[in-house]
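Trainee: Attaching a single structure in structure tokens format; questions to follow.
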Amino acid sequence: MPEYLPPAIFLMGPTASGKTALAVNLLERFPLEIISVDSALVYRGMDIGTAKPDAATLARAPHHLLDIRDPTEAYSAAAFCDDARRLMADIAARGMVPLLVGGTMLYFRALLHGLDDLPRADAALRKELESEAAGRGWPALHAELAVVDPVTAARLAPNDSQRIGRALEIFRLAGTPMSALLDRDQSELPYRVLQLALIPSDRAVLHQRIAARFDAMLTEGLLDEVETLRRSYALTPDLPAMRAVGYRQAWAYLDGDIDSVALREQGIAATRQLAKRQLTWLRSWPDAVMLDSLAADLESQAKALLERHLRP
């Protein structure tokens, strides 16, 4: 390992915690380039429901890894690691500092520690698990996961079919819990990383923000966005893009499975569950500097930390 490692910044936090606004303000003070760490922002045409930065924000603060996949395509933690490491090297070569911003905690974890030990997806086993879920229900499979991998099960909702299925798939293929495999350090990231975690001091305020943001998404045309996506692509509701929070509830509404009241209630509840999972990751995150995302002096605190970290 070389004596000098170039700096990098991680800015992590739950949905609606103000990560983008803080990142844009930091960009105007320091020589940073933003890399998005978000499994939904990679998809083209998914703008309203992902709270993708608008054109004015992107003009002030361009983001890497936005709009790089069609919603019919897969994007994995491994693909993110490849993209992020390449971009970080390019940014550092330009004399700039990579600022990785987002809430997809698995991507941050994979970038720091690698995912080489995780077995690749097995289509036959996944179909078997889906068949089991059709008969027993995803909560029953979640209970099974809690027996073999309680650490992973504790951060997943009982109906989180995509993640429960993947965790059980990994256990059955590897004979080892996913949480244990993730704990194995792989290739070290060759940067000095300052890890900032935005943790709201008042959960109620975060919940208010989540509700207000989901209402704004509905007003701005989330349903029209999903209708357009359904017309433009050969989408199915089980695609990862359409399993994203907000999109799966909009899909159910458009199919007539729920009414407008349930759409709002379920969308807000699912977003709150996502934030809870993100906070569970962050509270046990090693080496993170915890910052109150509601603090009046949040920006000055963050700037002081970056000043020290970027000092030669």
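The values are calculated or read from the model by the stated rules, or taken from the named source; none is laboratory data. Quantities reported herein were computed from a predicted structural model and do not represent experimental measurements. Quick reminder, even Gly has a Cβ in these numbers, built from the backbone with ideal geometry, and neighbours come from all protein chains shown. The protein model used for the area step is the full one, side chains on, heavy atoms only, and it has no ligands, DNA or RNA in it. Shrake-Rupley method; radii C 1.70, N 1.55, O 1.52, S 1.80 Å.
Trainee: Given a 1.4 Å probe, how much area per residue of the chain is accessible, in Å²? Don't skip to the end; give the middle numbers.
Mentor: Working: 14600 Å² over 312 residues.
Result: 47 Å² of accessible area for each residue.
Trainee: Given all pairs of different Cα atoms, what value in angstroms does the Kirkwood hydrodynamic radius of region 1-148 take?
Mentor: Details: mean 1/r = 0.0572 Å⁻¹.
Over region 1-148, the inverse of the mean reciprocal pair distance is 17.5 Å.
Trainee: For region 166-250, run through the GluC sites (Glu not before Pro) and keep only the ones in DSSP coil with at most 14 other Cβ atoms within 10 Å of their Cβ. Intermediate results must be reported in sequence, preceding the final value.
Mentor: Numbers: sites: GLU169, GLU188, GLU220, GLU225, GLU227; in loops: GLU188.
Of the GluC sites (Glu not before Pro), the ones in loops of region 166-250 whose Cβ has at most 14 other Cβ atoms within 10 Å are GLU188.
Trainee: Of ALA84, ALA143, ALA197, which is the most mobile in a GNM of the chain whose springs link Cα atoms less than 10 angstrom apart?
Mentor: Answer for the Gaussian network model of the chain: ALA143.
Trainee: Related question: Based solely on its DSSP helices, what 222 nm [θ] is calculated for the chain when runs of n ≥ 4 H residues each add -39,500 (n - 2.57) and the sum is averaged over all residues, nearest 500 deg cm²/dmol?
Mentor: On the way: 14 runs with 164 residues, N = 312.
Estimated from H runs of four or more residues: -16000 deg cm²/dmol.
Trainee: Just ILE258, ILE164, ILE48 to compare: in a GNM of the chain, with alpha carbon springs under 10 Å, which one fluctuates most?
Mentor: ILE258
Trainee: Another question, then. Quick check on region 200-281: what are the equivalent-ellipsoid semi-axes from the Cα gyration tensor, as sqrt(5λ), descending, whole Å? Please report the intermediate quantities before stating the final value.
Mentor: Details: eigenvalues 117, 40, 23 Å².
Computed over region 200-281, the values are 24, 14, 11 Å.
Trainee: Quick one: in region 142-270, what % of C-alpha pairs are over 18 Å apart?
Mentor: When every Cα pair of region 142-270 is considered, 67 percent fall beyond 18 Å.
Trainee: So if I restrict to the alpha-carbon atoms in the chain, what is the Rg, and what is Dmax, the biggest pairwise distance, in Å?
Mentor: 19.5, 60
Trainee: Using only the alpha carbon atoms of region 73-201, find the Kirkwood hydrodynamic radius as the inverse mean reciprocal pair distance, in angstroms to one decimal. Walk me through the numbers before you get to the answer.
Mentor: Details: mean 1/r = 0.0609 Å⁻¹.
Mean inverse Cα-Cα distance, inverted, gives 16.4 Å.
Trainee: For the chain, calculate the relative contact order in percent as a whole number, restricting contacts to Cα pairs under 8 Å that are 6 or more residues apart. Spell out each step's value before the answer.
Mentor: On the way: 415 pairs, mean separation 83.8, N = 312.
Worked out over the chain, it gives 27 percent.
Trainee: Let me ask something else about it. Around ALA154, under 13 Å between beta carbons, what's the net of Lys plus Arg minus Asp minus Glu among the other residues? All intermediate terms of the calculation are to be shown ahead of the outcome.
Mentor: Numbers: positive: ARG155, ARG163, LYS276, ARG277, ARG283; negative: ASP149, ASP160.
Overall, the nearby charge balance is +3.
Trainee: In debye to the nearest 20, how big a dipole does region 105-216 give about its Cα centre with +1 on each Lys and Arg Cβ and -1 on each Asp and Glu Cβ? Before the final figure, lay out each step's value.
Mentor: On the way: 14 positive and 15 negative charges, 65 e Å.
In total the dipole reaches around 320 debye.
Trainee: Report the full-extension gain for the segment ARG231 to ALA123: residue separation times 0.36 nm, less the Cα-Cα distance, to one decimal in nm. All intermediate terms of the calculation are to be shown ahead of the outcome.
Mentor: On the way: separation 108, 0.36 × 108 = 38.88 nm, distance 2.71 nm.
Residue separation times 0.36 nm, minus the Cα-Cα distance, leaves 36.2 nm.
Trainee: With an 8 Å Cα cut-off and a minimum separation of 6 or more residues, compute the relative contact order for region 12-92 in percent.
Mentor: Answer for region 12-92 is 31 percent.
Trainee: For region 42-104, what D do you get in µm² per second when you plug the Kirkwood radius from alpha-carbon pairs into Stokes-Einstein at 37 °C and 0.692 mPa s?
Mentor: Working: Rh = 13.1 Å.
Translational D for this selection: 252 µm²/s.
Trainee: Can you tally the net charge around MET96? Count Lys and Arg as +1, Asp and Glu as -1, for every other residue whose Cβ sits under 12 Å from the Cβ of MET96.
Mentor: Numbers: positive: ARG94; negative: GLU33, ASP90.
Result for the neighbourhood of MET96: -1.
Trainee: Over region 29-76, what is the relative contact order in percent, taking alpha-carbon pairs closer than 8 angstrom and at least six residues apart?
Mentor: Working: 48 pairs, mean separation 24.0, N = 48.
It rounds to 50 percent for region 29-76.
Trainee: Looking at the chain as a GNM with Cα springs under 10 Å, which of ASP255, ASP47, ASP83 has the largest mean-square fluctuation?
Mentor: Of the options given, ASP255 has the highest mean-square fluctuation.
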